[in-house]
Amino acid sequence: MTSSVRPRVAAAGAVLLAAIAGLAIAPAGASAAGSLTLPLGDQDLTETRSAQTLTDGVTLTRISRGTEPAPADQINTTTRGPWLINVLTIDPKQAKGYVKATYGPDLAKTEKTSALVAGAGALAGVNASFFTFTASQQYPGEPVGLGIYDGKLLSEPLTDPAETNFVIDAKSNKALIGHVSWTGTVENKKTKAELPLEFVNHPPVVPAACATLTAQTDCTVPGDISLFTPEFSAATPAGAGIEVVLDKKGCVVRTATVRGTALVAGQTSIQATGQDTVKLFQTLAGGCLDTEIALKDEKGKKLSLKDSLYGVTGRGLLMRDGQVVEQPTGGSFNDRNPRTLAGTTKDGKLMFVTIDGRQGVSVGTTMTESAALAKSLGLHDAMNLDGGGSTAMAVNGAVVNHLAGAERLVGDALVYVDAKYKN
């Protein structure tokens with residue numbers, strides 16, 4: 001479901017779960033992630049659950065609803081299912097570890113969810129943000145929206161209100177679900193001249209009217225201004241425009257009249273295209289720059305970019321303050337698809353849910369069905385993360401859900417590390 005615009009058989013599942021070491025099986029029932037009967041399909045469908053304790057305060061619940069495979073031409077319409085659902089529940093009051101977001105070796109590349117979980121030394125995790133995705137693009141893993149990692153804003157939130165963000169403090173495991181806004185500016189320390197930033201770690205676009213100009217400083221059409229950090233990739237995006245590299249104090253290291261360079265730890269760069277190249281030069285005026293980035297939640301409260309803060313981007317708020325949010329209908333995004341959900345209960349538990357789909361053994365959920373499912377699982381606030389072919393949950397390095405094809409490369413993941421958080 002990922003896009004540049006921004007979206008097993010039961011025996012096989014049993015074998016896979018048996019291979020996961022150290023799982024204690026708890027009795028199935030209402031305590032296993034919400035109510036016993038899910039609001040999916042006809043009321044007479046057979047529903048079974050099994051819950052496994054992964055470690056203190058962390059359980060994996062597998063839910064199967066419906067028994068007869070769906071005909072291929074009825075996957076999006078059948079009321080008989082079936083559905084295969086995995087629920088990872090983390091109780092911060094009992095768990096000894098923490099939840100964070102991870103993107104792998106660099107932000108612009110993609111990795112499998114299972115590799116991201118293993119690479120982070122995590123016990124379990126799910127795919128997270130919507131990302132650029134298109135394999136032919138140079139930076140397919142770039143988040144399409146908010147990306148906060150280790151307290152650094154590495155991708156700015158969109159202004160589109162449909163973007164929903166999951167933000168968590170790894171130190172407390174307290175999560176916020178909603179739309180985050182941002183502002184970014186660079187200011188000349190000496191002259192106090194300011195220039196607004198438009199993007200963070202996103203390639204600026206050269207205006208079509210100025211694409212053939214030798215020097216972008218001759219362009220009279222507004223372009224873009226982007227901030228880049230070493231986490232983005234081995235090199236910043238190349239192309240027409242200008243690029244100014246700054247040291248950790250914000251002072252100029254070098255200036256180039258074309259874009260594309262390697263950054264080392266402590267450095268950042270600002271790229272500009274179109275008429276904004278002139279604005280950047282004017283703002284510099286021989287001085288050093290302060291870069292200011294501020295985040296706010298939906299209520300206007302400032303979010304402090306401390307080391308323990310992490311955030312990812314989704315699309316679609318499902319539950320707010322215990323109430324189901326009405327969902328749009330029609331269109332492929334809102335139809336039945338594999339889904340990955342994130343949510344919190346009223347008493348602070350965290351849940352990450354995968355719903356398998358686009359298969360006879362599991363048909364997936366619409367956005368409306370996803371919201372109803374979130375409520376039935378006991379979530380107080382919940383949101384839709386990237387889904388479709390991206391939907392994956394991994395435990396101890398192994399994928400535990402039934403994928404809709406081969407495991408897809410994704411931009412980032414939300415993972416649980418079973419160790420005390422350290423700065």
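Residue-by-condition table, conditions (1) at pLDDT 95 or above; (2) within 28 Å of THR159 (Cβ to Cβ):
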| residue | (1), (2) |
| --- | --- |
| HIS179 | yes, yes |
| GLY184 | yes, yes |
| PRO203 | yes, yes |
| ALA209 | yes, yes |
| THR214 | no, no |
| CYS219 | yes, yes |
| ASP247 | yes, no |
| THR268 | yes, yes |
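A count restricted to the range 288-310 and to residues that are surrounded by 17 or more Cβ atoms within 10 Å (Cβ to Cβ) and small (Gly, Ala, Ser) stands at 1.
Rundown of residues vs (1) of a type in the set (Lys, Arg); (2) out of contact with any strand residue (DSSP E or B) (no Cβ under 9 Å at 6 or more places or on another chain); (3) surrounded by 19 or more Cβ atoms within 10 Å (Cβ to Cβ); (4) assigned by TED's automatic domain parsing to the domain that holds SER155, yes/no style:
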| position | (1), (2), (3), (4) |
| --- | --- |
| THR220 | no, no, no, no |
| PRO230 | no, no, no, no |
| SER233 | no, yes, yes, no |
| THR257 | no, no, no, no |
| ALA262 | no, yes, no, no |
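I'd like to know if the range 410-422 contains one or more residues that are hydroxyl-bearing (Ser, Thr, Tyr), touching a strand residue (DSSP E or B) at 6+ places or on another chain (Cβ under 7 Å), surrounded by fewer than 21 Cβ atoms within 10 Å (Cβ to Cβ) and not in a strand (DSSP E or B). Checked against the condition, which is being hydroxyl-bearing (Ser, Thr, Tyr), touching a strand residue (DSSP E or B) at 6+ places or on another chain (Cβ under 7 Å), surrounded by fewer than 21 Cβ atoms within 10 Å (Cβ to Cβ) and not in a strand (DSSP E or B), the range 410-422 yields at least one hit. Pairs are defined by a Cβ separation below 6 Å, a sequence spacing of at least 6 or placement on different chains, a first member in the range 378-391 that is basic (Lys, Arg), and a second member that is at pLDDT 95 or above and buried (at least 24 other Cβ atoms within 10 Å of the Cβ); no pair meets this definition. Quickly run through the range 323-342 and pick out the residues that are assigned to a loop (DSSP other than H, G, I, E, B), out of contact with any strand residue (DSSP E or B) (no Cβ under 7 Å at 6 or more places or on another chain) and more than 20 Å from SER129 (Cα to Cα). Result: GLU326, PRO328, THR329, GLY330, GLY331. Just to be sure I understand, how many residues within the range 267-318 are under 18 Å from ALA256 (Cβ atoms) and in a strand (DSSP E or B)? Counting residues in the range 267-318 that are under 18 Å from ALA256 (Cβ atoms) and in a strand (DSSP E or B) gives 8. Of everything in the range 111-132 that's under 14 Å from the mean Cα position of the chain (by Cα) and part of a loop (DSSP other than H, G, I, E, B), which residue is nearest to ASN396 (Cα to Cα)? Ranking the candidates gives ALA128 first.
One residue stands out among those in the range 313-332 that are of a type outside the set (Gly, Ala, Ser) and under 12 Å from THR368 (Cβ atoms): the one that is surrounded by the most Cβ atoms within 10 Å (Cβ to Cβ), which is LEU318. Scanning the range 75-89 for residues that are surrounded by fewer than 18 Cβ atoms within 10 Å (Cβ to Cβ) and either assigned to a strand (DSSP E or B) or outside the structural domain of LEU350 (by TED's automatic domain parsing) (or both) returns no hits.
Taking the range 271-292 as the range and being of a type in the set (Gly, Ala, Ser) and within 12 Å of VAL186 (Cα to Cα) as the test, only GLY287 passes.
Scan the range 143-158 and tell me whether some residue there is in contact with a Leu (Cβ under 6 Å, 6 or more places away or on another chain), under 19 Å from LEU385 (Cα atoms) and of a type in the set (A, V, I, L, M). Yes, because at least one residue in the range 143-158 is in contact with a Leu (Cβ under 6 Å, 6 or more places away or on another chain), under 19 Å from LEU385 (Cα atoms) and of a type in the set (A, V, I, L, M). Within the set VAL167, VAL200, VAL206, the sole residue that is buried (at least 18 other Cβ atoms within 10 Å of the Cβ), among the β-branched types (Val, Ile, Thr) and not assigned by TED's automatic domain parsing to the domain that holds VAL258 turns out to be VAL167.
Sub-7 Å Cβ pairs linking a first residue in the range 175-190 that is part of a strand (DSSP E or B) to a second residue that is among the hydroxyl-bearing types (Ser, Thr, Tyr) and surrounded by fewer than 17 Cβ atoms within 10 Å (Cβ to Cβ), at least 6 apart or interchain, are VAL186/THR291, ordered by first then second residue.
Taken over the range 133-156, the criterion of being surrounded by fewer than 23 Cβ atoms within 10 Å (Cβ to Cβ) and either over 15 Å from the mean Cα position of the chain (by Cα) or assigned to a loop (DSSP other than H, G, I, E, B) (or both) is satisfied by THR134, ALA135, SER136, GLN137, GLN138, TYR139, PRO140, ASP150, GLY151. The requirement of being among the charged types (D, E, K, R) and farther than 17 Å from TYR416 by Cβ is fulfilled somewhere in the range 155-162, by at least one residue. For the subset of the range 345-363 comprising residues that are buried (at least 24 other Cβ atoms within 10 Å of the Cβ) and of a type in the set (S, T, N, Q), which member is nearest to LEU84 (Cα to Cα)? My answer is SER362.
The values are calculated or read from the model by the stated rules, or taken from the named source; none is laboratory data. A quick note: this is a predicted structure, and the numbers were derived from the prediction, not measured. All Cβ positions, even for glycine, are placed from backbone atoms using ideal geometry, and neighbour counts span all protein chains on display.
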